[in-house]
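Worksheet: the structure to be examined is printed underneath.
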Amino acid sequence: MTRVAVVDDQTLVRQGIRSLLDVAGIEVVGEADDGGAALDIIDETEPDVVLLDLRMPRHDGIWTLEQLRERGADVPVLVLTTFDDDTLVLDALRAGARGYLLKDVTLEQLTRAVEALAAGGTLIAPSITDRLLRAIRSGPSPVGVDAPPVQDLTERELEVLRLVAEGYSNREIAGALFLAEGTVKNHVSTILLKLGARDRTNAVLRALHEGILR
């Protein structure tokens, strides 16, 4: 059973998400109402996925993502919020979020996103993808001004990167390309190095910004 932690400052929202996920067979192992409490819950329960709101008092979602990154935590974070502001989406992804959904999603969409992140994939709500792509391509590099130049990717690395961008996990990529999962992991590591990215999400963002992915 996939285990999740829910971070939202509204008690009713947390209870509603818990009830829905319970129906879907996903266990909520912890709840928190702000970023500081979220870090404690994540340390205590070690969830497979964190559902994170962005706008919270005291320590918000972006702060939480940055703290997790500084600690070297690799727990997948799915932003679940009512806000679809382009800047917020980009800030969350740059800070390490692996997925971004709005709270008007169906239970099926939420469940699919949770399972995708738990399996090592990524997922961004289709309703904000086009705007996000425009913002990425017109703005500064997602990996910062000091990032090294992009190195050319091989055809195989491009194939792997395209599937990473579509939210495939390493296992799913291995199945799609008839490769060993260890080989896919090696390709992903090389892709991150060549793009100067710290994780899969930032690799996809930079590839979109540089026009490597269209």
Exercise. Which residues, taken from the stretch 31-70, are in contact (Cβ under 8 Å) with a residue 24 or more places away in the chain, in a helix (DSSP H, G or I) and not small (Gly, Ala, Ser)?
Worked result: 39, 41, 42, 45, 62, 63, 64, 65, 66, 67, 68, 69
Seminar exercise, completed: Cβ pairs under 6 Å, 6+ apart or interchain, first in the stretch 190-214 and among the charged types (D, E, K, R), second part of a helix (DSSP H, G or I), ordered by first then second residue, are 200/164; 206/195
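A quick yes/no check of all residues on (1) of a type outside the set (A, V, I, L, M); (2) on the phi > 0 side of the Ramachandran plot:
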site: 39; (1), (2): no, no
site: 46; (1), (2): yes, yes
site: 63; (1), (2): yes, no
site: 67; (1), (2): yes, no
site: 72; (1), (2): yes, yes
site: 76; (1), (2): yes, no
site: 80; (1), (2): no, no
site: 86; (1), (2): yes, no
site: 91; (1), (2): yes, no
Seminar exercise, completed: (1) at positive phi; (2) in contact (Cβ under 8 Å) with a residue 60 or more places away in the chain all hold for residue 4 apart from (1)
Problem set entry | Long-range neighbours under 7 Å by Cβ, at least six apart or interchain, first residue more than 14 Å from residue 206 (Cβ to Cβ) within the stretch 156-176, second polar (S, T, N, Q) | 167/122
Exercise. Does residue 87 qualify as being open to solvent by 60 Å² or more (accessible area, probe 1.4 Å) and over 21 Å from residue 204 (Cβ atoms)?
Worked result: no
For this session: Test residue 126 against the stated conditions and say whether it is open to solvent by 40 Å² or more (accessible area, probe 1.4 Å), modelled with pLDDT under 90, within 18 Å of the chain's Cα centre (by Cα) and under 21 Å from residue 200 (Cβ atoms).
Result: yes
Exercise. Quick check: is even one residue across the stretch 3-19 at pLDDT below 90, surrounded by fewer than 18 Cβ atoms within 10 Å (Cβ to Cβ) and in a loop (DSSP other than H, G, I, E, B)?
Worked result: no
For this session: Could you figure out which of (1) open to solvent by 10 Å² or more (accessible area, probe 1.4 Å); (2) within 22 Å of residue 169 (Cα to Cα); (3) not basic (Lys, Arg) isn't true of residue 49?
Result: (1)
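This table checks each residue for (1) surrounded by fewer than 22 Cβ atoms within 10 Å (Cβ to Cβ); (2) in contact with a Lys or Arg (Cβ under 7 Å, 6 or more places away or on another chain); (3) modelled with pLDDT under 85.
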| residue | (1), (2), (3) |
| --- | --- |
| 53 | no, no, no |
| 63 | yes, no, no |
| 68 | no, no, no |
| 75 | yes, no, no |
| 80 | no, yes, no |
| 96 | no, yes, no |
| 100 | no, no, no |
| 107 | yes, no, no |
For this session: Could you run through the stretch 145-160 and say how many residues are surrounded by 12 or more Cβ atoms within 10 Å (Cβ to Cβ) and at pLDDT below 80?
Result: 1
Seminar exercise, completed: Considering residues that are modelled with pLDDT of 90 or more and of a type in the set (Val, Ile, Thr), the number found within the stretch 161-211 is 6
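The values are calculated or read from the model by the stated rules, or taken from the named source; none is laboratory data. Every value quoted in this text rests on a predicted model; they were computed, and no experiment measured them. Positions of Cβ are backbone-derived with ideal geometry, glycine not excepted, and every protein chain shown enters the neighbour counts. When the accessible area is computed, the model is the full protein with side chains, heavy atoms only, and any ligands, DNA or RNA have been set aside. Shrake-Rupley method; radii C 1.70, N 1.55, O 1.52, S 1.80 Å.
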